[in-house]
1. Would you compute, from DSSP H runs of 4+ residues alone, the mean residue ellipticity of the chain at 222 nm, taking -39500 (n - 2.57) per run and dividing by the full residue count, rounded to the nearest 500?
2. At a Förster distance of 41 Å, what's the computed FRET efficiency of residue 30 paired with residue 195, Cβ-Cβ distance as r, to 0.05?
3. If R0 is 41 Å, what FRET efficiency do you get for residue 217 and residue 132 from their C-beta distance, rounded to 0.05?
4. Could you pull out every residue, at least 5 positions away or on a different chain, whose amide H is within less than 5 Å of the one on residue 50? Hs are placed 1.01 Å off N in the peptide plane, and Pro or chain starts have none.
5. Per-residue HN-Hα couplings for region 69-78, Karplus 6.51 cos²θ - 1.76 cosθ + 1.60 at θ = phi - 60°, whole Hz, x for Gly and Pro?
6. List, in order, the whole-Hz ³J(HN,Hα) value for each residue of region 120-136 obtained from phi through the Karplus relation with A = 6.51, B = -1.76, C = 1.60 and θ = phi - 60°; use x for Gly and Pro.
7. Quick one, which of [x] 1.26; [y] 0.94; [z] 1.00 is the actual Cα Rg over 2.2 N^0.38 Å calculated for this model?
8. Could you order the peptides 29-37, 145-153 from most to least packed, using the average number of other C-beta atoms within 10 Å per residue?
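FYI, it's all coordinate maths here, none of it is from the lab. A quick note: this is a predicted structure, and the numbers were derived from the prediction, not measured. Positions of Cβ are generated from backbone atoms using ideal geometry, with glycine treated the same way; all protein chains shown enter the neighbour counts.
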Amino acid sequence: MTWSEMQPLLEQASWETLIMVGWSTLIAVVAGLPLGVLLVLSDRGGLLQNVVVNKVVGQVVNVGRSMPFIILMVALMSFTRWVTGTTIGSEAAIVPLAIGGIPFFARLVETAVREVDGGLVEAVQSMGGSTWTIVRKVLVPEALPSLIASTTTTVIALIGYSAMAGTVGGGGLGDLAVRYGYQRFDTGLMWITVAFLAVVISLIQFAGDLAARTLHRRGRGGAAPALRLLKAKEPAAADIGKVA
């Protein structure tokens, strides 16, 4: 197959992969972020300590993470057909990709949030900060560089999952490599697809690392946001002392 014949196939497959990974990443982040924070808050010694909730949510996340994606995709075919009306194509592949990405991202969020200095949480709590305030003003801002890195890792993992989705009609670069590269014995196209995926993943990793480092240099992920919150509350505390 000549390059002029490969180019439109690569463009179409890249667009399908972008749609699959983009939407599934968005869903995984939106659902996985609160899930990961809940795992930290409901753990022993957490702000919302609840061992039962923690164990149940943790077990669900563990089951989701431990299941091989190809099996998860087959197991969800009925649900995928109910949601999208079909089990093939890039739209159908978004369903198992998102469901597989949620527990993956949730565990990364849990790890990132646990790294936040407990002293900052205690300080804000002692100043009367609510659980929502602590999550919004301390836990998430302090863990932001790690959360960016976690999102980058999730995107790369979902690209790999999308390639597996291509083996069962999910479309995208994986489908292109299998149908045109492997099944039609076009080794050149297969290796071009592999090289293209390697370049895309490298660029995503570079962009994610750059964003995380930039946020860290600007004070995110350190004590700065929480300290600013504490300083903002100090005048109010001083006024209360004067009234007393």
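1. After summing the helix terms and dividing by the residues of the chain, the value is -26000 deg cm²/dmol.
2. Working from the Cβ atoms, E equals 0.80.
3. After rounding, the FRET efficiency stands at 0.90.
4. Long-range HN contacts for residue 50: 43.
5. So the Karplus estimates, Gly and Pro as x, are 4, 5, 6, 4, 5, 5, 5, 8, 4, 5 Hz.
6. 5, 5, 5, 5, 5, 5, 5, 7, x, x, 6, 4, 4, 5, 5, 5, 6
7. [x]
8. Going from most to least packed, we get 145-153, 29-37.
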